[in-house]
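Notes follow once the structure below has been shown.
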Amino acid sequence: MATDSAARGEQGRPGMALRAWLSQPVDAAGVAAFRILFGAALLLSTLRFAAYGWIRELYIDPVFHFSYRGFEWVRPWPAPWLYLHFVVIGASALAVAVGWRTRWAAGLFCLAFTYVELLEKAAYLNHYYLVSLMAALLIVVPSASMWSLDARRLGSRPLVARWCYLLLGGQVAVVYSFAGVAKIGEDWLLHAEPLRTWLQAYADLPFVGPWLATPFAAYAMSWFGCIYDLSIVGWLLWRPSRPFALLAVFGFHGAIWILFPVGVFSLVMVICASLLCSPSWPRRFLGRHKSPPSQLGPDSSPQRLAPWAVAAILSYLGFQIAWPLRHFAIPGDVNWSEEGFRFAWRVMLVEKSGQVEFRVHADGEHWIDFPREQLTPLQHKMMSTAPDMIHEYALHLAQRLRARGHREVQVYADAYAALNGRPSQRLIDPTIDLAAVPRRAGSGSFVVPLHR
């Protein structure tokens, strides 16, 4: 009687039903398969990165690196140590894939990979950010409970708690959903930009080239891409539609991989999409049935979540939902000013071209600085259309001149950019001394508003 009353009392407390649901045991196969495929993809990506010579091109050869605000202190290792650093990235990715000391391996990979990501803002990619987040979540999620070296050493546990899928799958849902929301705009839906511009490059392909160059193809792909991103999470979660949704996933990301140079982005997204399927999908794929309850011992069931753990999970997902919305609190067009553009899943929305040169005034002397002389082609291309990077380079110029003994230094930018098929227009106010604007102030004070 007392026990029943206590149980009923617990069920009546706020949050108890949620705790019980999050703690429900489900098949661990889906999480284990994700760990294996994710680690293998990252190992492949690391080998590819080294084989193409990008370690030297992006991080060793440049004499200047664009940094993220607050992470200016992150600097590359000397050349031999940076190569060794990538060996650590590859080795930890392999350890994640095979499930050896998995949480430690995921933590090491996350730190090592994120360090590289922070070295050069010009090399920013959305899927690098996603890789860092998913690796961080693997530190928390018991992804090596089966099909791993850890499971052979410590014993296999074929069940994990439902919160594991909520955390990993929720992150994937955030990526897709915000990628879709970002496409709801005039450029993407009404003008089919930037796809209309990009697809012109394929006009000479045999058979499909002439069709890809038509406005109809650009509009069809733009609208399909928006609808896909907004709805694919629901279609994958709903069992009756899941087979068709998986075909859409493979078709969509396969087309992106063929048409656009996105590296391993398509492969990573296909692997991540598996987290929205049934937890038992790997067993069905391998022709095995889910382990019957009679084969699972009492120690196989996951422990019930503590209240603080529920709060931590909800706080993490809440932050991931709120963070991409920060640009709404910043005046101006986010695609133009790029304030709040990064780390917000604004995928494939922008085609910008630009040019910039700097007017330097130092102790009565005047000259033009051409950044192409100091930057790599990638750095120059990315900087010429990004106000925050133009500002950082101006601060770098001023700092370098002051180090040479100049006292009165002003740096002005003559910068023009074209966004998604619009005519080129001035990007930076040429009357503002960028060297006098603190970096923490952002770019709102010197960006010229976009003329529609």
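Go through region 371-394 and report how many residues are modelled with pLDDT under 95 and assigned to a loop (DSSP other than H, G, I, E, B). Number satisfying all stated conditions: 1.
Considering only residues in region 415-434 that are over 15 Å from Tyr393 (Cβ atoms) and assigned to a loop (DSSP other than H, G, I, E, B), the one that is nearest to the chain's Cα centre (by Cα) turns out to be Asn420. Of Val31, Val26, Val96, all but one fail to be under 24 Å from Ser274 (Cα atoms), in contact with a Gly (Cβ under 9 Å, 6 or more places away or on another chain), at pLDDT 95 or above and not charged (D, E, K, R); the exception is Val96. When the residues of region 288-311 are narrowed to those that are in a helix (DSSP H, G or I) and surrounded by fewer than 15 Cβ atoms within 10 Å (Cβ to Cβ), which ends up modelled with the lowest pLDDT? That would be Ser294. Is there any pair with a first residue in region 226-238 that is assigned by TED's automatic domain parsing to the domain that holds Pro279 and a second that is at pLDDT below 95 and aliphatic (A, V, I, L, M) whose Cβ atoms are under 9 Å apart and which are 6 or more apart or on different chains, and what are they? Once the first residue is assigned by TED's automatic domain parsing to the domain that holds Pro279 and sits in region 226-238, its partners that are at pLDDT below 95 and aliphatic (A, V, I, L, M) give Asp229/Val347.
Selection of region 37-65 for residues being within 16 Å of Gly90 (Cβ to Cβ), part of a helix (DSSP H, G or I) and free of Cβ contacts under 8 Å to residues at least 24 places away in the same chain yields Ala51, Trp54. Would you check if there is a residue in region 405-414 being assigned to a helix (DSSP H, G or I) and polar (S, T, N, Q)? No, region 405-414 has no match at all.
Among the residues of region 431-449, those identified as touching a residue at least 24 places away in the same chain (Cβ under 8 Å) and farther than 18 Å from Pro331 by Cβ are Leu434, Ala435, Ala436, Arg439. Residues that are closer than 16 Å to Ala413 by Cα and assigned to a strand (DSSP E or B) within region 327-352 are absent altogether.
Looking only at region 82-104, decide whether some residue is within 26 Å of Ile313 (Cα to Cα), touching a His at 6+ places or on another chain (Cβ under 9 Å), among the small types (Gly, Ala, Ser) and surrounded by fewer than 22 Cβ atoms within 10 Å (Cβ to Cβ). The answer is no, given that none of the residues of region 82-104 is within 26 Å of Ile313 (Cα to Cα), touching a His at 6+ places or on another chain (Cβ under 9 Å), among the small types (Gly, Ala, Ser) and surrounded by fewer than 22 Cβ atoms within 10 Å (Cβ to Cβ). At negative phi, part of a loop (DSSP other than H, G, I, E, B) and buried (at least 21 other Cβ atoms within 10 Å of the Cβ): which single residue out of Ser143, Ser156 fits that description? It is Ser143.
Regarding Gly405, is this residue loosely packed, with under 12 Cβ neighbours inside 10 Å and out of contact with any strand residue (DSSP E or B) (no Cβ under 7 Å at 6 or more places or on another chain)? Yes, satisfied. The listed residues are Leu230, Leu236, Leu199, Leu166, and the only one of them that is part of a helix (DSSP H, G or I), hydrophobic (A, V, I, L, M, F, W, C) and more than 19 Å from Ile256 (Cβ to Cβ) turns out to be Leu166.
Being aliphatic (A, V, I, L, M) and closer than 21 Å to Trp54 by Cα is the filter; apply it to region 354-388 and report the residue that is nearest to the chain's Cα centre (by Cα). Ranking the candidates gives Met382 first.
Taken together, the residues in region 142-189 that are without any contact (Cβ under 8 Å) to a residue 60 or more places away in the chain and acidic (Asp, Glu) amount to 2.
Yes or no, residue by residue, for (1) within 20 Å of Leu167 (Cβ to Cβ); (2) among the charged types (D, E, K, R):
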{"residue": "Arg69", "(1), (2)": "no, yes"}
{"residue": "Glu72", "(1), (2)": "no, yes"}
{"residue": "Pro76", "(1), (2)": "no, no"}
{"residue": "Leu82", "(1), (2)": "no, no"}
{"residue": "His85", "(1), (2)": "no, no"}
{"residue": "Ile89", "(1), (2)": "no, no"}
{"residue": "Val96", "(1), (2)": "yes, no"}
{"residue": "Arg103", "(1), (2)": "yes, yes"}
{"residue": "Phe113", "(1), (2)": "yes, no"}
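The values are calculated or read from the model by the stated rules, or taken from the named source; none is laboratory data. None of the values given here were measured: they were computed from a predicted structure. Using ideal geometry, Cβ is built from the backbone for each residue, glycine included, and neighbour counts are taken over all protein chains shown.
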